[in-house]
Amino acid sequence: MFARACLFLWTEDSSSQSQMSTCLARRGPVARAFPVTRTCSTKAAPSVKEIRLIKPQSALVSLHLAPFTRLLCAIRRRISRIRDVWRRAEGLFVPRAGCRREEETASCEAPSKRRGAYNVIAVMYCFYRRRERTVWAHPRTSTWWELVNMSWDDKNWQKNFRMTKTSFLHLCDILRPYLTRQNTRFRRTLPVELRVGVCLWRLATNLEYRSISHLFGVGISTACTVTQQVVTAINRVMRHLYIKTPSEAELRVIVQGFRERWKLPQVAGAIDGTHIGIIAPAEEPADYYNRKNFYSVILQAVVDHRMKFWDINVGWPGKVHDARVLANSSLYMRGENGTLFPGWIERLNNVDVPIHILGDAAYPLLPWLLKPYPVGRGLTEAQTHFNYRLSQGRMTVERAFGRLKGRWRCLLKRCDAHISFVSQIISACCILHNYCEVANEEWEDEDTVDDVDDLVDPEIGHQANYGGQIRDALCEYLAQ
């Protein structure tokens, strides 16, 4: 409004004019103060005519009648308050009646300057007075959420929120210390159960915030803010509880699980990466454009025999190769330092086989990471059988990715969150996936395999030679 207007205000002296210009310049780039010929006596308060809008004859500014009309109405509504302030100031600093104009002394000129300052203060009060807020929250109905809590059974809860109501309430209790807010005299805070429900619905369906707003009876911006708060709380409170390197007792169970199911000894997990679709970021979008012709970030994960994640690495651009993602992860650093697994050794065909994980052809061959034999080099029957058995064990991570994206559809479709928050959402979904698996939440939909045709990583170096010896020993063991 002020940026399209040229406002002419009356001031007492040049110093007040400069103060007024500085004051109004902050309200807009075109608003200015100009002196206007005084039409009233020194004792009289300024009238409405002295604070008026003048249509400029030059092309200094463009004049829109509607904003000027609203501005003039606002000034007239508040001019009475300004006049009151002026009269009070005038009563304090008006010159004595016996003091003639030609005989005014320095003591009589001081009130005039102060009266000019009061003029500036009055106008500042008019334009800088903060507008009172009339509505704190628009009325909305939460009938649907109340119906869900009263009438839905566990089957409906599992189908829509990916967990039973008991697991949902337990999740709310875990997050309650972080999500609880204090009621104020302006409004009552949203319950923790409603906050968690909004977030789970968003992650499970990837529904737009407008529809979530109608369902849960909250504002659109509130639904977005609540989702971000709950996702942040899940990462801060639950990540160290549900995604962690297995202890020795847990590792024994994992190794025994792979041995019983796929006859693979000394296996502690399977590793792979998957692409999560995103909106093209504003900075360096070409780095996120993958070979499948869409923008993505990479999720690298290691899972156990029960399809639970025990290590994740999120956020690398989709153009990066899986081997490079591994080389820049803490998993690789611990594996190379020998701190990833305990030093358990099983001797097979005169070769010491350590604890290791299974990967596909995209990963390097390492003593703690085995991959299949390269296809197309005249594989023997034993090597082909080894590749088949290793593929069966490695399929665990593919099925885990399929179940993860099936539960939390925000990862299956394009995630429309900002690139700075995408990694937080992916990490929270992995945590919730493990939470559901620990709670034995059933997943009725058919598991979809995350089929990724990765580029082959060359097998070179001393580590590859030692890894090749371990792979050959396992190949002979499985051929027996």
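Each reported figure results from applying straightforward, stated rules to the coordinates on display, with no laboratory input. Here the structure is a predicted model, which means the values were calculated and not measured. Cβ coordinates were reconstructed from backbone atoms using ideal geometry, including for glycine residues, and neighbour counts include every protein chain displayed.
Do the alpha carbons of any pairs in LYS292/LYS413; LYS308/LYS371; LYS292/LYS319 sit beyond 19 Å of each other, and which pairs?
Details: LYS292/LYS413 14 Å; LYS308/LYS371 21 Å; LYS292/LYS319 10 Å.
Over 19 Å apart, Cα to Cα: LYS308/LYS371.
So if I take the alpha carbon set of the range 195-281, get Rg, then get Rh from the Kirkwood formula, what is the Rg over Rh ratio?
Result for the range 195-281 is an Rg/Rh of 1.18.
What is the calculated FRET efficiency for TRP344 to ASN149, with r their C-beta to C-beta distance and R₀ = 45 Å, to the nearest 0.05?
Given R0 = 45 Å and the Cβ-Cβ separation, E is 0.35.
Please list, in chain and number order, the residues 5+ apart from THR189 or on another chain whose amide H is under 5 Å from its amide H, with Hs placed from the backbone.
ASN183, THR184
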